[in-house]
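Enquirer: Below are the structure tokens for one structure; questions will follow.
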Amino acid sequence: MNQLFMPTRVLMGKGCIKENASLFSEFGKKAMIVTGKTSAKKSGALTDVADALKSQAISYEVFDEVENNPNVETCFIGGQKAKDFGAEFVIAIGGGSPMDAAKAVAAYAANDMAAMDIYGTIKNKPLPLLSVPLTAGTGSEVTPYSVLTVKEIENKKSFSHPESFSKIAFLDPTYLESLPRAVLLDTTADALSHALESMLCKRTSDVSNVYAEAALRHLGKLIPNVISGKPDYEKLLFASSLAGMAIAHTGTVVVHSMGYLLTYHKNVPHGRANALLLPGFLKLCAKHVPDRLAPVLDAFGADKVDTLCELITNLVPEPVVLTEDEVNTFAKKAIGAKNVSQNLWPITEDEEASVFSALLQ
Ligand code: NAP
Ligand code: FE
């Protein structure tokens with residue numbers, strides 16, 4: 001179905017928070033800031049948000065306990081704190097982990113529910129959310145998705161709500177200057193994965209392709225400079241948001257659901273997990289759906305699938321090794337993921353195992 005739904009106002013450029021401080025006052029007088037341990041401070045974003053809130057006489061509390069790949073329990077605690085404080089809106093500052101956690105905090109704060117009820121019907125709409133991305137990768141600032149770690153199922157699981165889209169996303173490239181190189185590489189791979197998966201799934205539409213193809217065109221030019229150590233943060237943030245807008249329309253496919261297992265069981269960062277699996281997935285696409293792959297390669301500016309796969313491999317700084325047992329266990333589990341049905345051909349457990357097999361020693 002062709003539908004365009006992108007309710008997030010996206011403000012871009014250096015100083016965009018300070019320049020638009022008055023916008024915060026549209027959402028109330030009390031804000032809960034949701035962030036990780038260090039990045040909001042290191043990047044300077046927390047100071048800019050705090051200054052903007054003070055300039056509007058908005059009081060705030062900071063919940064800075066969000067870990068990488070946030071646990072559902074952590075978000076629940078954040079939600080209770082937001083409720084106790086009487087927060088009227090939530091501000092996410094961080095990479096995908098704090099941005100996803102903030103979506104859950106906003107939902108818990110507006111409802112009386114147990115932690116796992118977030119995967120059922122959410123009765124009251126979540127508090128309004130504003131987001132400040134500190135990585136260029138997840139696109140979470142423009143998606144309604146929140147991916148949380150659930151120990152009971154030994155995996156990650158997402159929820160979404162139409163009101164979980166950020167009301168405003170502030171894209172300031174200066175905040176990315178403090179990114180460690182490994183996080184930069186991992187997150188760039190995530191943005192690339194979003195654009196590729198969005199173009200290679202059943203829900204691909206003319207609308208989603210507008211965003212995905214634009215993201216790929218930018219990433220094709222930007223990635224060589226990321227690898228050589230000369231990243232253009234402003235364009236990367238833009239490309240990552242475009243890729244986020246693409247998956248907001250289509251969702252992701254098996255690369256993401258397979259990658260969650262590498263993250264949960266092998267502690268592989270999210271974007272890196274995608275980068276490890278993409279070459280195997282793209283080669284299956286070349287076999288099963290060559291007509292769908294052609295426009296992808298064209299948008300990225302690659303002459304053949306091997307060129308794209310080689311570049312993706314260059315984004316992975318360290319090897320990850322799996323045993324045969326792990327390959328088979330992960331393939332068995334991943335074939336049960338809900339987004340498998342969105343794959344362009346009926347992918348089999350053996351094919352998923354073949355993708356994981358690239359990580360055998
Ligand atoms: P992240 O987990 O948010 O952050 C990784 C690390 O980088 C953290 O230690 C963080 O520090 C640090 N960091 C982040 N930005 C920094 C900066 N500007 N300067 C210095 N350090 C910085 O990484 P991510 O890859 O952006 O997010 C991954 C999460 O997003 C996963 O849970 C994934 O499932 C999710 N995701 C969501 C969507 C969606 O649509 N919602 C899509 C894809 C992925 P702190 O600990 O201080 O924060
Ligand atoms: Fe992702």
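Just so it is clear, none of the values below were taken in a lab; they were calculated from the coordinates. Bear in mind the structure is a predicted one, so any value in this text is a computation, not a measurement. Neighbour counts run over all protein chains shown; Cβ positions are idealised from the backbone, glycine included.
Enquirer: If each Cα of the stretch 63-166 is one equal point scatterer, what is log10 of I(q)/I(0) from the Debye formula at q = 0.12, 0.14 Å⁻¹?
Expert: Results for the stretch 63-166 at q = 0.12, 0.14 Å⁻¹ read -0.31, -0.43.
Enquirer: Can you compute log10 of I(q)/I(0) for the stretch 308-361 with the Debye formula, treating each Cα as one identical point scatterer, at q = 0.18, 0.24 Å⁻¹?
Expert: For the requested q values the scattering log ratios are -0.70, -0.97.
Enquirer: Please report, in Å, the Rg and the Dmax of the chain, where both are computed over Cα atoms only.
Expert: Taking only Cα atoms of the chain, I get Rg and Dmax of 19.5, 59 Å.
Enquirer: Of 145, 53, 297, which is farthest towards the positive pole of the chain's charge dipole, taken about the Cα centre with +1 and -1 on the beta-carbons of Lys, Arg and Asp, Glu respectively?
Expert: Ranked along the dipole, the leading option is 53.
Enquirer: Would you work out which of 27, 40, 8 lies farthest towards the positive end of the dipole of the stretch 6-46? Charges go on Cβ: Lys and Arg +1, Asp and Glu -1.
Expert: About the Cα centre, the residue reaching furthest to the positive side is 40.
Enquirer: Beyond 21 Å between alpha-carbons counts as too far, so tell me which of 83/125; 125/338; 235/287; 14/83; 202/287; 81/125 fall in that bin. Show your work: numbers first, answer last.
Expert: Details: 83/125 14 Å; 125/338 24 Å; 235/287 33 Å; 14/83 33 Å; 202/287 17 Å; 81/125 18 Å.
Violating the 21 Å limit, Cα to Cα: 125/338; 235/287; 14/83.
Enquirer: Step through the residues of the stretch 153-158 one at a time and calculate ³J(HN,Hα) from phi using the Karplus curve (6.51 cos²θ - 1.76 cosθ + 1.60, θ = phi - 60°), rounding each to whole Hz and writing x for Gly and Pro.
Expert: Those phi angles translate into 9, 6, 6, 9, 9, 10 Hz.
Enquirer: How big is the charge dipole of the chain about its Cα centre, in debye rounded to the nearest 20, if each Lys and Arg gets +1 on its Cβ and each Asp and Glu gets -1 on its Cβ? Mind dumping the intermediate values first?
Expert: Numbers: 34 positive and 40 negative charges, 119 e Å.
Approximately 580 debye in magnitude.
Enquirer: Add +1 for every Lys or Arg and -1 for every Asp or Glu among the other residues with Cβ under 12 Å from the Cβ of residue 173, and state the total. Walk me through the numbers on the way to the answer.
Expert: Working: positive: 14, 235; negative: 172, 177, 232, 234.
Net local charge, residue 173 excluded: -2.
Enquirer: Further question on the same structure: Quick one: if the Förster radius is 41 Å, what FRET efficiency do residue 294 and residue 57 give, using the C-beta to C-beta distance and rounding to 0.05? Intermediate results must be reported in sequence, preceding the final value.
Expert: Numbers: r = 56 Å, r/R0 = 1.36.
Efficiency, rounded to the nearest 0.05: 0.15.
Enquirer: Along the charge dipole of the chain, which of 343, 208, 220 sits closest to the positive end, that is, farthest toward it, with unit charges on the beta carbon of Lys, Arg, Asp and Glu (+1, +1, -1, -1)?
Expert: 208
Enquirer: Oh, and also: Hey, for a label at residue 303 modelled as a point 7 Å past Cα toward Cβ, could you say which residues of the stretch 251-283 have their backbone N under 15 Å away?
Expert: What the label zone holds, given the 15 Å backbone N cut-off, is no residue at all.
Enquirer: What trypsin sites (Lys or Arg not before Pro) does the stretch 251-315 have in DSSP loop regions with at most 12 other beta carbons within 10 Å? Mind showing how you got there, number by number?
Expert: Working: sites: 266, 272, 283, 287, 292, 304; in loops: 304.
Filter output for the stretch 251-315: 304.
Enquirer: Within the chain, which complete DSSP H helices have Cα atoms spanning at least 18 Å along the helix axis and a mean Kyte-Doolittle hydropathy of 0.5 or higher? Can you show the working numbers first?
Expert: Values: long enough: 72-85 (20 Å, -0.09); 96-109 (19 Å, 0.39); 181-199 (28 Å, 0.38); 206-227 (31 Å, 0.40); 233-250 (25 Å, 0.73); 270-288 (26 Å, 0.27).
Within the chain the helices that satisfy the rule are 233-250.
Enquirer: While we're here: Would you tally the net charge around residue 334, using a Cβ to Cβ cut-off of less than 13 Å, leaving residue 334 out, and scoring K and R as +1, D and E as -1? Don't skip to the answer; put the middle values down first.
Expert: Values: positive: 156, 332, 333, 338; negative: 154, 326, 349, 350, 351, 352.
Around residue 334, the surrounding residues sum to -2.
Enquirer: Now, a different point. Using only the Cα atoms of the stretch 246-349, build the gyration tensor, take square roots of its eigenvalues as a ≥ b ≥ c, and label the shape rounded, prolate or oblate: rounded if a/c is under 1.5, else prolate if a/b is larger than b/c, else oblate. Working shown, then result.
Expert: Details: a/c = 1.71, a/b = 1.26, b/c = 1.36.
Since a/c reaches 1.5 but b/c is at least a/b, the shape of the stretch 246-349 is classed as oblate.
Enquirer: Rounded, prolate or oblate, given the Cα gyration tensor of the stretch 123-267, with a/c below 1.5 counting as rounded? Intermediate values should be presented prior to the final figure.
Expert: On the way: a/c = 1.31, a/b = 1.25, b/c = 1.05.
Rounded shape, in that the Cα axes give a/c under 1.5.
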